[in-house]
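**Student:** One structure, pasted below without further comment.
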């Protein structure tokens with residue numbers, strides 16, 4: 001049975017899995033990314049982990065290795081100054097790992113891998129034009145147009161999190177700019193909105209008893225379920241900014257569906273309803289009432305590994 | 001020598017030309033679109049004009065017919081309620097003309113055809129990721145990503161003119177929405193800006209002697225050349241809104257170049273300099289200093305016919 005190796009490189013852990021053609025993860029392993037502050041040793045550990053996975057699964061040579069990483073660059077096969085990673089500079093991970101193991105290797109960033117993962121293994125198997133959006137600490141996005149990943153000239157396309165969400169000024173973003181969409185629309189963004197609303201009003205709220213660092217997206221959803229006005233207003237405000245921007249995305253890409261994943265997407269109708277309403281309000285007739293909102297069904301545990309594994313399909317399918 | 005027929009259907013005239021593989025227009029003809037208020041008779045006139053073009057050029061069967069029209073839909077082969085055209089409803093132009101002449105026929109909207117025209121015949125022959133923007137009465141745009149036209153699910157992708165240019169409110173657009181980019185960034189948009197600046201200031205200006213209907217883009221450029229402060233401020237304001245939005249386009253599509261055409265693009269450095277500066281100011285480091293601004297070299301007379309003719313290449317090349 002042909003398998004691929006999916007690797008999810010994150011700021012805390014590195015997760016590896018063996019993935020079948022049907023999208024089942026038959027074995028997996030993980031280790032702490034920061035245990036290997038020297039990049040060469042990290043690549044060595046990756047190679048060892050892959051070999052031990054293949055041995056444990058009684059597998060022969062896999063079809064390929066797919067890697068998703070912050071700032072992973074598909075064209076160059078590098079990680080370009082990835083956020084929260086121990087190593088500096090531009091790291092030629094693809095060539096090093098491919099050199100060490102002799103197995104075809106592909107790299108991309110998390111969001112592009114997530115989009116391809118939905119196309120190959122997830123809810124987007126039958127869709128050729130869609131946008132995948134992950135609402136976590138930031139806002140990650142990947143665009144599929146005409147069945148293919150939109151990469152752009154240097155592989156930096158599809159960064160919806162950093163288009164402007166609020167003119168003329170706006171919240172400071174990690175990227176150094178102000179007003180980026182993810183400073184409003186993400187798990188962190190809605191927390192910032194909650195605290196801004198607390199500052200601007202006298203409204204009593206559960207959130208007056210919680211610190212910024214302690215507040216979770218789950219608590220915001222729970223407070224909304226109990227009718228907390230600040231929570232409800234925060235969802236409305238987030239949906240207004242998100243929906244307005246998705247209308248622009250719809251006009252530029254004419255997608256059939258928008259797929260949501262990540263912590264804030266678990267708020268379900270609290271986030272989807274205002275977002276959809278504001279998106280529709282900003283659309284011309286030709287676009288109205290046509291775009292579906294879907295939720296990723298890959299599961300938060302396996303989605304990244306499956307997304308990474310799906311990159312291997314670009315070796316011989318027309319996905320890029 | 002293989003030729004294609006390029007047809008540009010506009011609100012005043014319909015222009016047809018025979019185009020060689022090198023992009024030379026070897027013969028052409030035009031007639032008044034409004035002379036044929038009945039659609040069937042219009043199609044009949046198109047067929048007659050094509051036959052007479054082929055006869056006059058001593059041509060045999062052409063490879064195909066490409067048509068650009070307002071709201072031309074590539075997938076359906078129809079014109080969907082095109083602006084300024086005499087006919088109502090959804091018109092199956094492709095099938096009717098193909099039925100009448102037995103020649104493969106392709107339809108698209110003006111902006112997509114213009115983008116493909118630059119790829120096939122113009123300044124974008126070697127580019128695979130670029131945006132074509134026509135700054136005329138409105139703002140038309142076509143996106144090429146990974147060498148292919150971005151069409152979207154139903155063929156409505158790439159309408160940059162109708163993304164929001166000014167939040168929270170903005171100028172009323174022909175499409176019924178408020179604040180669309182083309183209400184600021186187009187030949188009409190900069191006229192509106194001139195009149196808004198005249199209203200807001202006491203600044204003396206050439207424009208105080210001209211009516212809205214009489215004012216041309218050429219006069220705005222000439223006034224800027226003579227140091228008219230209102231003209232210079234209008235270009236700066238237009239560039240701020242255009243550049244801010246192009247930064248978002250750059251983050252979503254990562255293009256190598258932006259190609260400008262249309263009346264307002266003739267203002268040259270007056271429009272390009274502030275646009276480029278504001279675009280760069282809104283970009284993250286990975287995108288800065290990389291995007292070229294190019295001007296269409298196809299000539300305003302022939303560009304639409306060449307764009308239409310280039311659509312025929314989609315019959316057997318991987319352009320869509």
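The values are calculated or read from the model by the stated rules, or taken from the named source; none is laboratory data. Keep in mind the model is a prediction, meaning the values are calculated, not measured. All Cβ positions, even for glycine, are placed from backbone atoms using ideal geometry, and neighbour counts span all protein chains on display.
**Student:** Conditions first: (1) touching a helix residue (DSSP H, G or I) at 6+ places or on another chain (Cβ under 6 Å); (2) at pLDDT 95 or above; (3) under 22 Å from residue B:146 (Cβ atoms). Residue B:287 passes all but one, so which condition is the exception?
**Tutor:** So residue B:287 meets the others, but not (2).
**Student:** Ok, one more. Could you please let me know if residue A:291 is touching a residue at least 12 places away in the same chain (Cβ under 8 Å), within 22 Å of residue A:165 (Cβ to Cβ) and within 19 Å of the chain's Cα centre (by Cα)?
**Tutor:** For residue A:291, the condition - touching a residue at least 12 places away in the same chain (Cβ under 8 Å), within 22 Å of residue A:165 (Cβ to Cβ) and within 19 Å of the chain's Cα centre (by Cα) - is not met.
**Student:** Which number in (1) surrounded by fewer than 24 Cβ atoms within 10 Å (Cβ to Cβ); (2) touching a strand residue (DSSP E or B) at 6+ places or on another chain (Cβ under 9 Å); (3) farther than 26 Å from residue A:181 by Cα marks the one condition that residue A:81 misses?
**Tutor:** That leaves (3) as the condition not met.
**Student:** Collect the residues in segment B:125-139 that are part of a strand (DSSP E or B) and more than 13 Å from chain A (Cβ to nearest Cβ), keeping them in residue-number order.
**Tutor:** B:132, B:134, B:135
**Student:** Now for a different question. In this structure, does residue A:64 turn out to be surrounded by fewer than 24 Cβ atoms within 10 Å (Cβ to Cβ), in contact with a helix residue (DSSP H, G or I) (Cβ under 9 Å, 6 or more places away or on another chain) and under 29 Å from residue A:160 (Cβ atoms)?
**Tutor:** Taking the combined requirement at face value, the residue satisfies it.
**Student:** Identify, please: which residue in segment B:267-285 is more than 18 Å from residue B:221 (Cβ to Cβ) and in contact (Cβ under 8 Å) with a residue 12 or more places away in the chain and is, among those, farthest from the other protein chains (Cβ to nearest Cβ)?
**Tutor:** Top of the filtered list is B:277.
**Student:** Another question about this same structure. So which residues in segment A:140-150 are in a loop (DSSP other than H, G, I, E, B) and buried (at least 24 other Cβ atoms within 10 Å of the Cβ)?
**Tutor:** A:150, the sole residue that qualifies.
**Student:** I need a count of the residues in segment B:49-61 that are at pLDDT 90 or above and surrounded by 13 or more Cβ atoms within 10 Å (Cβ to Cβ).
**Tutor:** Residues flagged as at pLDDT 90 or above and surrounded by 13 or more Cβ atoms within 10 Å (Cβ to Cβ) within segment B:49-61 amount to 5.
**Student:** Moving on. State yes or no: is residue B:181 modelled with pLDDT of 95 or more, in contact with a helix residue (DSSP H, G or I) (Cβ under 7 Å, 6 or more places away or on another chain) and within 12 Å of another protein chain (Cβ to nearest Cβ)?
**Tutor:** So residue B:181 passes the test.
**Student:** When you scan segment B:297-309, do you find a residue that is over 18 Å from the mean Cα position of the chain (by Cα) and either surrounded by fewer than 21 Cβ atoms within 10 Å (Cβ to Cβ) or within 30 Å of residue B:236 (Cα to Cα) (or both), even just one?
**Tutor:** no
**Student:** Mind checking which residues of segment A:128-155 are touching a helix residue (DSSP H, G or I) at 6+ places or on another chain (Cβ under 6 Å) and free of Cβ contacts under 8 Å to residues at least 12 places away in the same chain?
**Tutor:** A:152 - this is the single residue of segment A:128-155 that is touching a helix residue (DSSP H, G or I) at 6+ places or on another chain (Cβ under 6 Å) and free of Cβ contacts under 8 Å to residues at least 12 places away in the same chain.
**Student:** Among the residues that make up segment B:11-21, is at least one of them in the same structural domain as residue B:90 (by TED's automatic domain parsing) and over 21 Å from the mean Cα position of the chain (by Cα)?
**Tutor:** yes
**Student:** Collect the residues in segment A:162-172 that are crowded, with 20+ Cβ neighbours inside 10 Å and not in a strand (DSSP E or B), keeping them in residue-number order.
**Tutor:** Matches in segment A:162-172: A:162, A:163, A:165.
**Student:** Take the residues of segment A:309-320 that are part of a helix (DSSP H, G or I) and within 16 Å of residue A:155 (Cβ to Cβ): which is nearest to the other protein chains (Cβ to nearest Cβ)?
**Tutor:** Filtering segment A:309-320 for residues that are part of a helix (DSSP H, G or I) and within 16 Å of residue A:155 (Cβ to Cβ), the one nearest to the other protein chains (Cβ to nearest Cβ) comes out as A:314.
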